[in-house]
Amino acid sequence: MTPPRPLATLTALLVPVVLVNLWIYARFTVDDAFITWRYGLNLIHHGIWAYNPDGFDLTQAYTNPVFAALSILPAALGLDMVLAFKLVSLTVLIVLAMLLLREAGDKLRMGFVLALLMAVPATVAHAFSGLETVVYGGALGLFFILQQTLRWRAALACVALLVLTRPEAWLLYILYPALMIAARAGARLVAIHSALLALLAGAYFGFHLWWFGEALPNTYFIKAGDGFRVAQAVAILPYILPALAVLVFGNRRTGAAMLLYFGAVGYSYAGSDLLMNYFQRFPFQILLPMALYLGWAVSRMDGARAHAALLCLALYIGAFGWHTARVAELLVYANYYPRVLDSHALLGHALHGLGREGAMSAVALGDAGAPAYHSDLRVLDTYGLASHRVAREGLSDAVVAAYAPDLLAFVATEDGIRDQPAQHEALAAYAAAEGFTELCELYWARQYTLRLFTRTEIPALQEVCATSRARNGADEVAYAATQLRRPPWAYWHE
């Protein structure tokens, strides 16, 4: 009887780790996902493609039109949006694994790489977050494989998916034809594929310019930083280094393409305000496609060279795992969505009821995902991600007055409201002018609360605050000890 290969044993040992990660982090749904899903909900319920149900302050708040379009289907069928996108996540993981294993030479090596990636908690959290991170990373990894093997039709399909999934992929509008030319794909084929991409770009940018008045997503303006940051670069740019190794030791065309693509993306990240960089999401968008391509490349190597390359790849993935392994953060993200359900979602449902009663028409808050999604009210996103006016004018007195919110939410902790002048100054002035007083404190956790201000007492909101304090007032360890006893699918709902 032939003994199992050592790699098979290592892969088998990773399986329990993967299962534990799935148990803990498949319950994770990020608040930002609800911003995107609100577009499908509003289209079905109000007949308008907009963040706000009345179309006020039309804004392209999403950067992932594929997921925004997908949100239409569960909204139209009356399905739970969170459950629907958890099923999308499972489908994406299965399809991606099948495609990569089909492409691999030594399937065990590819399987080991996939298992090692899933053994990193961040991968599972990103896969189930409700955002497009793994779709983007997986399709990009497949693209680099397909262009190297000269399968241009499949590569074009990947590019079409990518440019409708993340703005970073717009670089492929130029890079893809350049790769075809470098591979001597033929002038006619290059012209046809370039024309198809030009039509797609024209339709995408043209629609958004016509409808929203801006061709680019609103986050392009909100997240634009004030210059290159060395500390941020040090945290991101090292993940690009394997592209240099591919250039020197592997396929030169692919290595050069990866170095150009990820170099440009990494440089952009180093100079941007990376809001919602949970679990190092932005470095992960470099690591994942790089690791998937390298896993495929290693699966096609022979002998000692393959063993050395696989060890380097394992160290690369392990370095990212170490980068995201702070115990305190692991607990915070494990508890994240259960806490959202007991705070932000409850607030949104209460606001929805008050809106139907005519007691509330607009609110202002920074966490513009779940509360806004459930509220069905006009919402001023004080961070500006979902407000074209905030992106252009700042959170000015005029913008706040135009929204005329009936509720203000100030980011705080148990010790008081955080000093955030850009988000709070105009709101504080509006509160003083309108006679707002503090109503209650909504608890997401002790270290993150929302102080709610209204003109009058509103018992329904005070009850929500009291419930959130009772459920979310525990520290992370105590909270995790309770909620992790339940399976992750217990939290697969809005």
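The values are calculated or read from the model by the stated rules, or taken from the named source; none is laboratory data. None of these values were measured; they are calculated from a predicted model. Cβ coordinates were reconstructed from backbone atoms using ideal geometry, including for glycine residues, and neighbour counts include every protein chain displayed. The protein model used for the area step is the full one, side chains on, heavy atoms only, and it has no ligands, DNA or RNA in it. Shrake-Rupley method; radii C 1.70, N 1.55, O 1.52, S 1.80 Å.
The rows are residues; the columns are (1) of a type in the set (S, T, N, Q); (2) over 30 Å from V327 (Cβ atoms); (3) open to solvent by less than 40 Å² (accessible area, probe 1.4 Å).
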| position | (1), (2), (3) |
| --- | --- |
| Y443 | no, no, yes |
| T454 | yes, yes, yes |
| N472 | yes, no, yes |
| E476 | no, no, yes |
| E494 | no, no, no |
Legend entry - Complete set of residues in the range 9-43 that are among the aliphatic types (A, V, I, L, M), part of a helix (DSSP H, G or I), over 13 Å from T123 (Cα atoms) and touching a residue at least 12 places away in the same chain (Cβ under 8 Å): L10, L14, V15, A33, I35, L41, L43
Inset, instruction - Output yes when any residue across the range 236-257 is free of Cβ contacts under 8 Å to residues at least 40 places away in the same chain and closer than 25 Å to G384 by Cβ, and no when none is. - result: no
Inset, instruction - Output the number of residues of the range 44-73 satisfying the condition of being in contact with a helix residue (DSSP H, G or I) (Cβ under 6 Å, 6 or more places away or on another chain) and part of a helix (DSSP H, G or I). - result: 4
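What residue, of A50, A104, is surrounded by 20 or more Cβ atoms within 10 Å (Cβ to Cβ) and within 30 Å of Y383 (Cα to Cα)? Before the answer, list the steps.
Values: A104 fails: within 30 Å of Y383 (Cα to Cα).
Only one candidate passes the filter, namely A50.
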Inset, instruction - Taking L90 as the residue in question, decide whether it is open to solvent by 20 Å² or more (accessible area, probe 1.4 Å) and among the hydrophobic types (A, V, I, L, M, F, W, C). - result: yes
Inset, instruction - Kindly indicate the residue of the range 212-227 that is assigned to a loop (DSSP other than H, G, I, E, B) and at pLDDT 80 or above and also farthest from S268 (Cα to Cα) among those meeting that condition. - result: G213
Inset, instruction - Kindly establish whether L99 is open to solvent by 30 Å² or more (accessible area, probe 1.4 Å), part of a helix (DSSP H, G or I) and either among the aliphatic types (A, V, I, L, M) or within 26 Å of P405 (Cβ to Cβ) (or both). - result: yes
Legend entry - Unique match (being among the charged types (D, E, K, R) and under 30 Å from A334 (Cβ atoms)) among R486, R389: R486
Inset, instruction - Report yes if A76 is open to solvent by less than 20 Å² (accessible area, probe 1.4 Å), of a type in the set (G, A, S) and either closer than 23 Å to A139 by Cα or in contact with a helix residue (DSSP H, G or I) (Cβ under 6 Å, 6 or more places away or on another chain) (or both), otherwise no. - result: no
Inset, instruction - Return the only residue of F112, F67 being crowded, with 22+ Cβ neighbours inside 10 Å and more than 30 Å from A386 (Cα to Cα). - result: F112
Inset, instruction - Determine if the range 184-193 includes at least one residue that is basic (K, R), in contact (Cβ under 8 Å) with a residue 12 or more places away in the chain and open to solvent by 40 Å² or more (accessible area, probe 1.4 Å). - result: no
Inset, instruction - Pick out, from the range 332-397, the helices (runs of 4 or more DSSP H) lying fully within it that include 3 or more residues that are open to solvent by 30 Å² or more (accessible area, probe 1.4 Å). - result: 344-357, 388-393
Legend entry - Unique residue being touching a residue at least 12 places away in the same chain (Cβ under 8 Å), open to solvent by less than 10 Å² (accessible area, probe 1.4 Å) and in contact with a strand residue (DSSP E or B) (Cβ under 9 Å, 6 or more places away or on another chain) when the list is F262, F282: F282
Legend entry - Candidate set from the range 117-154 (those that are touching a Phe, Trp or Tyr at 6+ places or on another chain (Cβ under 6 Å) and over 20 Å from S89 (Cα atoms)); member that is surrounded by the most Cβ atoms within 10 Å (Cβ to Cβ): F144
